[in-house]
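Asker: First, the structure itself, so that you have it in front of you.
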Amino acid sequence: MRRSRHYLVTGGAGFVGSHAVAALLDRGDEVVVLDSLRTGHRGAVLPGARLVVGDLDDEVLVGALLAERRWDAVLHFAALSLVGESMREPYRYIAANVGSGVRLIAACVAHGVRRFVLSSTAALFGNAGDAPIDEDAPIDPGSPYGESKAMLERTLLWAERVHGLHSAALRYFNAAGADPAGRLGEDHVPETHLIPLVIDAALGRRPALSVFGTDYATPDGTCIRDYVHVTDLAEAHLRVLDLLDAGSVRYNLGNGRGHSVREVIGAVERVTGRRVPWHAAPRRAGDPPVLVAAAWRIMRETGWQPRFADLDAIVATALAWREGHPEGYRGVDGSIIPTGGAPRSRRGSRSTRG
Ligand code: UFG
């Protein structure tokens, strides 16, 4: 029988992190999540994992967790992750993501961690043109967010050269959808991601969607993205973890198919059976016109295959979660913010469970 492995997961209460934690738990691994819950949700950490609420800047806490046991790997999801916001606050993005990531990498090396997985991003490729982007494409971030991840990827190269740390940098294209078992979903406050916004517009929960830019050099004038199911991304983590003994890897992760904003609106209209109200709005700074992955390398080297490659299937799982959770995790984890008050918590600011 396979020995169960032990993983420390930063940002495991966030969207992609929580789905990766679920995949690890589903295969019988032990998981400790470190999350500040500033953007993550208590309810997104499944009961099988132990949640430690705390900050990556808390070097004493991070050191204590790393010293707790011999970890099979550390998976680093925690980060500021909004392209548009990073164009307004470039220094905050670079300082926060690079600072916390570099400190974590250094602490991992100091505590004898041998394997590290970084959540990286398609935002590394700002001006790649229309063709699917493979791992040999030049790194040329279109935003400070992408730049911060490029810097962390470079840091990992040096951590390997100098200290022998093996790492995987997984460049997610547009993570979307929700756990097909209905346990987890996408809940950002405020929500800025396209698919949940289009669904809510269709359900009449928000006003008409603003389509950021209808004059791009694409067939219908709107931006094209490669929407990849979050459960497929989670599965990719399992596969790369098994490779890391042999060395370090960098993979682009997507379905290899691009969909425009207007095509996403069409998919939501098909799946919900409702019309999506929308209007044209100015372009959003930092948005590359087209981002589509060429994910052959991870497919060839690990056997990874997306199970939910179809856009309507991705939208259907996202819709199911949003219909079942009209308040997102606020109905699940007691983290409703009362007007004028601090977040309500049933536990202290640093808590554990599991
Ligand atoms: N969009 C709209 N209206 C909206 C929201 C989004 O037209 O109200 C458009 C955007 O302009 C973009 C597309 O929908 O063209 C997708 O936007 P998202 O905000 O959903 O996602 P991004 O492509 O900006 O970014 C996401 C993640 C990043 C990651 C990137 C990789 O948030 O962390 O995918 O492609 F780096």
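Asker: Can you confirm whether the range 144-161 contains a residue that is open to solvent by 10 Å² or more (accessible area, probe 1.4 Å) and in a loop (DSSP other than H, G, I, E, B)?
Answerer: No, there is no match, as no residue in the range 144-161 is open to solvent by 10 Å² or more (accessible area, probe 1.4 Å) and in a loop (DSSP other than H, G, I, E, B).
To keep it simple, each residue is scored yes or no on (1) of a type in the set (G, A, S); (2) over 24 Å from D245 (Cβ atoms); (3) within 16 Å of the ligand (Cβ to nearest atom); (4) modelled with pLDDT under 95.
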position: L104; (1), (2), (3), (4): no, no, no, no
position: C108; (1), (2), (3), (4): no, no, no, no
position: A123; (1), (2), (3), (4): yes, yes, yes, no
position: G129; (1), (2), (3), (4): yes, yes, yes, yes
position: A150; (1), (2), (3), (4): yes, yes, yes, no
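Asker: Quick check on G28: is it modelled with pLDDT under 95 and either under 29 Å from G331 (Cα atoms) or open to solvent by 40 Å² or more (accessible area, probe 1.4 Å) (or both)?
Answerer: On the way: modelled with pLDDT under 95: no; either under 29 Å from G331 (Cα atoms) or open to solvent by 40 Å² or more (accessible area, probe 1.4 Å) (or both): yes.
So G28 does not fit the description; no.
Asker: Also, quick follow-up: Which of the helices (runs of 4 or more DSSP H) contained wholly in the range 53-142 include at least 1 residues that are farther than 14 Å from L34 by Cβ and open to solvent by 10 Å² or more (accessible area, probe 1.4 Å)?
Answerer: 83-88, 90-110
Asker: When residues of the range 190-221 are filtered for being part of a helix (DSSP H, G or I), more than 8 Å from the ligand (Cβ to nearest atom) and closer than 19 Å to T121 by Cβ, how many remain?
Answerer: 1
Asker: Now, a different point. Please go through the range 87-102 and give me each residue that is within 15 Å of D287 (Cβ to Cβ) and more than 13 Å from the ligand (Cβ to nearest atom), ordered by number.
Answerer: R88
Asker: Which of the residues belonging to the range 222-279 are within 11 Å of the ligand (Cβ to nearest atom), assigned to a strand (DSSP E or B) and open to solvent by less than 40 Å² (accessible area, probe 1.4 Å)?
Answerer: Within the range 222-279, I224, R225, Y227, V228, N252, L253, H259, S260 meet the criteria.
Asker: Residues in the range 5-23: is at least one touching a residue at least 12 places away in the same chain (Cβ under 8 Å), open to solvent by 40 Å² or more (accessible area, probe 1.4 Å) and outside any helix (DSSP H, G or I)? Even if it seems obvious, please write down each step before you answer.
Answerer: Taking the range 5-23 and keeping what is touching a residue at least 12 places away in the same chain (Cβ under 8 Å), we get 5-23.
This time we only want the ones that are open to solvent by 40 Å² or more (accessible area, probe 1.4 Å), so: 5.
If we keep only those that are outside any helix (DSSP H, G or I) as well, we get 5.
Scanning the range 5-23, I find at least one residue that is touching a residue at least 12 places away in the same chain (Cβ under 8 Å), open to solvent by 40 Å² or more (accessible area, probe 1.4 Å) and outside any helix (DSSP H, G or I), so the answer is yes.
Asker: On to the next question. Going by the structure shown, is G331 among the small types (G, A, S) and touching a helix residue (DSSP H, G or I) at 6+ places or on another chain (Cβ under 6 Å)?
Answerer: no
The values are calculated or read from the model by the stated rules, or taken from the named source; none is laboratory data. In this text the structure is predicted, and so the values were computed from the model without any measurement. Cβ atoms come from the backbone with ideal geometry, glycine included; neighbour counts cover every protein chain shown. Only protein heavy atoms, including side chains, enter the accessible area calculation; ligands, DNA and RNA are left aside. Shrake-Rupley method; radii C 1.70, N 1.55, O 1.52, S 1.80 Å.
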